[in-house]
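Asker: Please see the structure below; I have some questions.
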Amino acid sequence: MNVGSDVYLIETEITKKGATIWKGQYVDHREKLSRKKRWEQLDEDVVYSQMELDDKVVNPNQIRTIIRTFKEHLPEMFPDRTNEKGEFEVPKTLIFAKTDSHADDIIQIVREEFGEENRFCKKITYNSDDPKSILAQFRNGYHPRIAVTVDMIATGTDVKPLECLLFMRDVKSRNYFEQMKGRGTRIINLDDLKKVTPSAKLTKDHYVIVDAVGVTKSLKTDSRPLEKKPGVPLKDLLAAITVGARDEDLFTSLANRLTRLEKQLTDKEKSTFAEKANDKTITEVVKELLNAYNPDTLEDLRLKVEHENPDVAPIEKEEKVKTLTAALQNQAASTFNGELNEYIENVRKAHEQIIDLVNPDKVRAVGWEKDNKDKAQELLKTFADWITQHKDEITALQIFYGQPYRRRELTFKMIKELVDTIVADKPTLAPLGVWRAYELLESVSGQPKNELVALVSLIRKVAGIDTTLTSYDKTVDKNFQNWVFKKQAGTLKFTEEQMQWLRMLKDHIAASISATADDLDYTPFDAKGGKGKMWQLFGNETENIINELNEALAAWDERYKRNTYWMGNNITWRSGGLYKWPCIQTN
């Protein structure tokens, strides 16, 4: 079972439109691999589009604007992530970068914007130091909180505590995009999540996709990815094919690298390539590499053998097919030699990027995707319809829609059975999911501690008991304060020990919906003396107190009328030891 996602959009001017650096400006030119810089004046205008961003031109302010906006809005995406000191705790986040160089730029800016040391944000790519160890730390430890990757953990790697994916690169392959999103879908129970994210208060029931480049809206194709060896350096691929390696992944990966390289080369560099490649263009070399394992080409070879050798035994035909296939592979591989390999490696390293420090970026739009809100609206309507449809046939719902005093009858078991019934009938109506839908559409108060508390809060909202969706424990806290204030408005004053017991009952009702006298024999009451101690403190009114709290703490928001009354000056006091407790009468 996997969890679903919500999409949060960040759109900036330069991400959307690119920019222009005018002739005469002095700018840094940086080598992609060595990252060495040189300062030089432009002799012509440099116009770059969003597709050339982080390839031909790097705009650090564009990266910074996205990261800063991401940081500022994280509390909106994860409103419950504050620790005991009131500090926001960044959820485990994975950032997808375009290249290794892009990843390095992102990491530097993340550390600066979050004001954190190196361990806070790490790169996990095939070219990083000890990537497997860093990945294990990301999966199992507190640090790093944010990891930046290109391909290494895009597919096939589980990081269950991962709750946020920030896309700073587009993806054209539909299958690859689904695999990348799959990193966030893994479920994890609350105890395991809290080991790496201590501030987590709920089981992971969704993850957030932060789309900073339009990846969720861009056109996707079903083409298979060519890159099969993303972690192998280009020079190793070239060396392998030169010494006789002939596997399909090698051929397709090398073809993919050469296709990418061709887009970077000048016409002069392409001509030099052809001179060293037996007069073959890069396109022709790539075609030969792909044809060597193209299913249609191989099928043509098999049909040719069948046609030319109709009377030959099958095993001999198979050998002939293998011979022709090997010849096709060797023909594709024969292009590569020491001189060409060296040229490919050097021309790739020589390419530079312009660092645009001239054009500042700014945010155009930020917030939850509109589709999220439409889906949330539909979910809330479905939930309300389900509750209304079943309110006369399920006991727990009958109590909510009945007279206020009946709410004392609610039990933990009733609510647990109601949760199970809803989820079994309509899994999409799981209470925590419905709660998040409300958060997208309107302000809510508090965060539920579990699904049962969430469901009670939601039903109170749907039934009109609360005007604002409020976590039930906050409702209980408020009603408890009102109840104590009214009780002590006269001559009655609770002792500190009595208040301790009343607070324990309040906390128990907030977590378990109601309390009974039998609950006093269990945690946390048993450690304080259990039923006997409460009887000592409250005497014969113990049961009445529990019943009244069950009713008062579930009161209607601002409209609850006490169903207890005091007998004026004729209050009967029970005395015993150091306490006094008035008789309470209930209607």
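Asker: Considering only residues of the stretch 334-359 that are aliphatic (A, V, I, L, M) and part of a loop (DSSP other than H, G, I, E, B), which is nearest to Leu289 (Cα to Cα)?
Answerer: Within the stretch 334-359, the match that is nearest to Leu289 (Cα to Cα) is Leu357.
Asker: Could you check how many residues of the stretch 62-99 are within 21 Å of Lys181 (Cβ to Cβ) and of a type in the set (Gly, Ala, Ser)?
Answerer: Looking only at that region, the number is 1.
Asker: Let me confirm something: among Ala515, Ala511, Ala454, which residue is in the same structural domain as Asn544 (by TED's automatic domain parsing) and under 30 Å from Val208 (Cα atoms)?
Answerer: Every option except Ala511 fails the conditions.
Asker: State all residues of the stretch 16-67 that are among the polar types (S, T, N, Q) and over 15 Å from Val358 (Cα atoms); if no residue qualifies, say none.
Answerer: Passing the criteria: Ser34, Ser49, Gln50.
Asker: Suppose we filter Thr297, Thr216 for residues that are of a type in the set (S, T, N, Q) and closer than 30 Å to Arg364 by Cβ; which single one remains?
Answerer: None of the others qualify; the one that does is Thr216.
Asker: A follow-up question, please. Determine which member of the set Leu303, Leu324, Leu290, Leu328 is farther than 30 Å from Asp54 by Cβ and in contact with a Ser or Thr (Cβ under 8 Å, 6 or more places away or on another chain).
Answerer: Leu328
Asker: With the checklist (1) surrounded by fewer than 17 Cβ atoms within 10 Å (Cβ to Cβ); (2) farther than 23 Å from Gly367 by Cα; (3) within 28 Å of the chain's Cα centre (by Cα) in hand, flag the one item Lys36 doesn't pass.
Answerer: (3) is the only condition that Lys36 fails.
Asker: Here is a check on your reading of the model: is Val57 more than 30 Å from Leu379 (Cα to Cα) and among the β-branched types (Val, Ile, Thr)?
Answerer: Answer is yes for this residue.
Asker: Also, quick follow-up: Among the residues of the stretch 471-492, which ones are β-branched (Val, Ile, Thr) and not in a helix (DSSP H, G or I)?
Answerer: Within the stretch 471-492, Thr491 is the sole residue that qualifies.
Asker: Please go through the stretch 428-438 and give me each residue that is in a helix (DSSP H, G or I) and crowded, with 16+ Cβ neighbours inside 10 Å, ordered by number.
Answerer: Selection gives Leu429, Pro431, Leu432, Gly433, Val434, Trp435, Arg436, Ala437, Tyr438.
Asker: Next up: Considering the stretch 3-30 alone, what residues qualify as being in a loop (DSSP other than H, G, I, E, B) and not polar (S, T, N, Q)?
Answerer: The answer is Val3, Gly18, Trp22, Lys23, Gly24.
Asker: Which condition does Leu520 not pass, out of (1) surrounded by 21 or more Cβ atoms within 10 Å (Cβ to Cβ); (2) within 20 Å of Ile399 (Cα to Cα), if it passes all the others?
Answerer: Exception for Leu520: condition (2).
Asker: Something else: Can you pull out every residue in the stretch 428-464 that is touching a residue at least 60 places away in the same chain (Cβ under 8 Å), among the polar types (S, T, N, Q) and in contact with a Lys or Arg (Cβ under 7 Å, 6 or more places away or on another chain)?
Answerer: Hit for the stretch 428-464 is Gln447, nothing else.
The values are calculated or read from the model by the stated rules, or taken from the named source; none is laboratory data. Because the structure is predicted, anything quoted here is derived from the model rather than measured. Note: ideal-geometry Cβ built from the backbone for every residue, glycine included; neighbour counts use all protein chains shown.
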